[in-house]
Amino acid sequence: GLLVKQNSSSYPAVIGIQTSSTSQDPFISFMVNNETTGWSYGVDASDSNKLKWAYSTSDVSGSTRMTLTNDGKLGIGTTSPGAPLEIECADSTSASNGLFVKQSSTSYPARLTIETDGSSQDPYMTFQYSSGSYGWSYGMDNSDYSKLKWAYSTSAVSTNTRMTLTNDGKLGIGT
């Protein structure tokens, strides 16, 4: 492969164009700390020629963080996305296992999250203002016969429930 680096210990960054020694996958690496830490992206020939981004300086098939398939599906946290965008999280805590959208402005701190409760595995969406201080959640309460619930809570649908829709179509308000 080809390695481009500075001849200075103060700036140990390296860019490498190489192939892995085992699978011959072509990839580009961005390395720091004497070529041991960094990111790579390239083609994984052993996995249907998918384009992959990996936290590794030696190949793209291990430590893969994001994958783009030949038919345009993007997977974050998965190497086999089944939809145009698929996000798979290994973390079981609700704060880091879903999709989080927010503005960076402190003047407009609105947030939208789509996540799964870490303990009950209830899927829900949260609409919140500020740092989770105020907001509503909407989703399925798996521990209560999969009822659809609206709650004045930013962390679960099973607490502070204000409205419930049952499987047979009954709507409860304030119950």
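Evaluating ALA95 against the criteria (1) modelled with pLDDT under 75; (2) part of a loop (DSSP other than H, G, I, E, B); (3) surrounded by fewer than 16 Cβ atoms within 10 Å (Cβ to Cβ) leaves one unmet condition, (2). Give the residue, chosen from ILE76, ILE28, ILE87, that is touching a residue at least 12 places away in the same chain (Cβ under 8 Å) and either in contact with a Phe, Trp or Tyr (Cβ under 8 Å, 6 or more places away or on another chain) or crowded, with 18+ Cβ neighbours inside 10 Å (or both). Of ILE76, ILE28, ILE87, the one residue that is touching a residue at least 12 places away in the same chain (Cβ under 8 Å) and either in contact with a Phe, Trp or Tyr (Cβ under 8 Å, 6 or more places away or on another chain) or crowded, with 18+ Cβ neighbours inside 10 Å (or both) is ILE28.
Restricting to the stretch 4-33, what's the tally of residues that are in a strand (DSSP E or B) and modelled with pLDDT under 70?
Looking only at the stretch 4-33, we keep the residues that are in a strand (DSSP E or B), and these are 4-5, 14-19, 26-32.
Still in the running and modelled with pLDDT under 70: 5.
Final tally of qualifying residues: 1.
The number of residues in the stretch 136-156 that are over 17 Å from LEU112 (Cα atoms) and either open to solvent by less than 10 Å² (accessible area, probe 1.4 Å) or touching a residue at least 40 places away in the same chain (Cβ under 8 Å) (or both) comes to 1.
When ASP122 is tested against (1) closer than 24 Å to SER158 by Cβ; (2) out of contact with any Phe, Trp or Tyr (no Cβ under 9 Å at 6 or more places or on another chain); (3) open to solvent by 40 Å² or more (accessible area, probe 1.4 Å); (4) at pLDDT 70 or above, only condition (3) is not met. Among the residues of the stretch 34-43, those that are more than 14 Å from THR19 (Cβ to Cβ), open to solvent by 30 Å² or more (accessible area, probe 1.4 Å) and part of a strand (DSSP E or B) comprise THR37, TRP39. On the stretch given as the stretch 44-64, residues that are open to solvent by 50 Å² or more (accessible area, probe 1.4 Å) and out of contact with any Asp or Glu (no Cβ under 6 Å at 6 or more places or on another chain) total 8. Every test in (1) farther than 30 Å from PRO123 by Cα; (2) open to solvent by less than 50 Å² (accessible area, probe 1.4 Å); (3) at pLDDT 90 or above; (4) among the polar types (S, T, N, Q) is passed by THR67 save one, and that test is (1).
The values are calculated or read from the model by the stated rules, or taken from the named source; none is laboratory data. The structure displayed is predicted, hence computed values, not measured ones. All Cβ positions, glycine included, derive from the backbone under ideal geometry; neighbour counts span all protein chains shown. Surface accessibility is based on the protein's heavy atoms, side chains included, excluding ligands, DNA and RNA. Shrake-Rupley method; radii C 1.70, N 1.55, O 1.52, S 1.80 Å.
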